[in-house]
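Single-structure report; data block below.
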Amino acid sequence: QGSGASGNPITLFFEPNAKLSMPVGTLMSMQNVNYIVIDGGTNGIMENTDNGTALGNHQAVSAIYASGSGNYEVKNLTIRNLYVHTSVADGSIDFTSNGAIYANTFGSNISIHDNVFHDICWIIIGSVTSGGSGFKVYNNDFYNYDHAIGGIGGGMAVPANVAIYNNHFGSTANWDTTANSYHHDGIHVYFGSGLLSGVDIYNNLFDGNWGANNTGHLFLEGNWNHNDTASLNKFNIYNNVFVQYPGNTLNDGFIGGGGANFNVYNNTFLGASVTNSNCLGIGLNYTFKNNLVSGCTTFVSSGNSGAFAAGGLSNNVYANATPGGNSPYYYGAAVSTLASWKSLTGQDANSVQVSSAGAASDGHLAAGSAAIGVGANLSSVGISGLLTDKDGVARGSTWDVGAYEYTGSGGGGTSSFTLTVTKSGSGSGTITSNDDGSILVGGTG
């Protein structure tokens, strides 16, 4: 019925096995309040039980309706079955004014973490903002959805201090329709006017079956009027893994759109060798370094001659070019070789194109991968999260390309071997080969 206070929030706590459930309808109204914690405890559930294609009701509803609220936290919940979509003929409902957590005005200091969301059209959505700053979405699992995160908005403070990290964005194919009524995105940034600046997207996994109606894992549209190229600014996108499902087409790429001053570092993009799939369709003034891009008809596509910042394109590994359809590179003109791409852009001198990425299906590097030891050391760019990979492994002095450092163990650790060498006569020494590519030599004599 009202707000908590700074340092003394009101907590709604789900005791073990507690469930907030109804056949159909919005489950919680939380409008124009501050300092609220909604804590699912060990296994709290919010759900509808009879809403969906083959069920008794067909309505757009929310789990938490939070317009005008700020300084709140939603954690440890399973929010499910707000609409169970099971037919390609089911496409008549507009879900854009409802979601698992919906706000047409976001306040400041919002944290949504450690939740599971599934069988929901739009999950976290806020299409208008009013000066808010501090929006964090992390450690969540999303699947069987159309949009996981949508809107965010162009009226936030500058910088907006938006951070989306350590999430799993899974399958969206169950929201396919014959008429393409819903276009699937992991993160869709859009708004009617204004500027969104100061967004970090990192350490996320995008995988699963995205169906035929996908737009992009990251659809960075910005101003939906498409007439303001400066509506998005200063995004840091790093340590993410993007995996294309076999047979899916990447309609707008793993990443589509963008704006000025975008930094795309150490991501892994694994295409499934599907004809006419673009890995990346990008915007203006990008810095694109240390990325592993594999298995697409077109690796990078941009029609803008200002797509890359000066010196912003380097140390990438392009692998497994897929024949058919478009050329491997497009920069206002299609080019078929890396040499031509370098000549056209005037950049990417330290990048290579190889026949195989040398990576497992989850993006971890295999022994002998061309991505090992060829990355630029980006410790000077001032992004602390870049100093470790997606698994938390320190990058050291010599960096690998992509989201993961090679560890020799398939991820999640480091290993090395030491060879002891005895000289003929006197003295001995050691040669240690580390998985980051460094060699340590020591001894006496």
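Semi-axes of the equivalent ellipsoid of segment 127-237 are 24, 17, 10 Å, computed as sqrt(5λ) over the eigenvalues of the C-alpha gyration tensor in descending order.
Summing Lys and Arg as +1 and Asp and Glu as -1 over all other residues whose Cβ lies under 14 Å from the Cβ of Glu73 gives a net charge of 0.
Taking amide H atoms as placed 1.01 Å from N in the peptide plane, the amide H of Asn350 lies under 5 Å from those of Asn315, each 5 or more residues away in sequence or on another chain. Think of the chain as having a plus end and a minus end, set by charges on the Cβ of Lys, Arg, Asp and Glu; of Thr11, Gln347, Asn57, Gln347 sits farthest toward the positive end of this dipole. Note on Trp224: accessible area approximately 120 square angstrom, rounded to 10, probe 1.4 Å, nucleic acids and ligands left out.
Its alpha carbons considered, segment 40-109 gives a radius of gyration followed by a Dmax of 13.9, 40 Å. The C-alpha atoms of segment 340-394 occupy a region whose extents along the principal axes are 36, 30, 16 Å, arranged from largest to smallest.
Amide hydrogen proximity for Ser62: with H placed 1.01 Å from N in the peptide plane, the residues at 5 or more positions away or on another chain lying under 5 Å are Thr26, Leu27, Gly99. What does a probe at Thr42 reach in segment 9-31, counting residues whose amide N is under 11 Å from the point 7 Å along Cα→Cβ? Inside the label zone: 15-18. Nonpolar atom fraction for the chain, defined as the carbon and sulfur part of the 1.4 Å probe accessible area, stands at 49 percent. Quick check for you: which residues of segment 63-99 have the amide N under 19 Å from the point 7 Å beyond the Cα of Thr178 toward its beta carbon? Zone members listed by number: 85-94. Residues in segment 35-124 average 31 Å² of solvent-accessible surface per residue, probe 1.4 Å, ligands and nucleic acids excluded. Annotation: amide H of Gly332 within the under-5 Å range of Ser302, Gly303, Asn304, sequence separation 5 or more or interchain, hydrogens built in the peptide plane.
Here the Karplus curve 6.51 cos²θ - 1.76 cosθ + 1.60, taken at θ = phi - 60°, turns the phi angles of segment 238-249 into couplings of 8, 6, 9, 10, 10, 10, 7, 6, x, x, 6, 8 Hz, with x standing for Gly and Pro. The distance between label points at His58 and Ala157 comes to 4.5 nm (points 7 Å beyond Cα on the Cα→Cβ vector). Computed over all pairs of different Cα atoms, the Kirkwood value for the hydrodynamic radius of segment 1-63 is 13.3 Å.
Extent along the principal axes, Cα only, for the chain: 84, 51, 41 Å, with the longest axis given first. Phi angles across segment 45-55 convert, under the Karplus curve 6.51 cos²θ - 1.76 cosθ + 1.60 with θ = phi - 60°, into 3J(HN,Hα) values of 10, 10, 7, 9, 10, 9, 9, x, 3, 9, 10 Hz, Gly and Pro given as x. For segment 139-149, backbone phi angles converted through the Karplus equation (6.51, -1.76, 1.60; θ = phi - 60°) give residue-by-residue couplings of 6, 9, 10, 10, 7, 6, 9, 9, 10, 7, 10 Hz, Gly and Pro being listed as x.
Local charge sum around Asn167 (other residues, Cβ-Cβ under 15 Å, Lys/Arg +1, Asp/Glu -1)?
Local net charge: -2.
Peptides 211-218, 384-391, 65-72 ranked from most to least packed by the mean count of surrounding Cβ atoms within 10 Å: 211-218, 65-72, 384-391.
Shown are Lys289, Lys136, whose ranking by accessible area with a 1.4 Å probe and every protein chain present, most to least, is Lys136, Lys289. For segment 43-65, the residues whose amide N sits under 19 Å from a probe point set 7 Å from the Cα of Ser29 along the beta carbon direction are 47-48, 59-65.
The values are calculated or read from the model by the stated rules, or taken from the named source; none is laboratory data. If you're wondering where the values come from, they're calculated on a predicted model, not measured in any experiment. Note: ideal-geometry Cβ built from the backbone for every residue, glycine included; neighbour counts use all protein chains shown. Remember, those area values only see protein heavy atoms, side chains included, never the ligands or the DNA or RNA. Shrake-Rupley method; radii C 1.70, N 1.55, O 1.52, S 1.80 Å.
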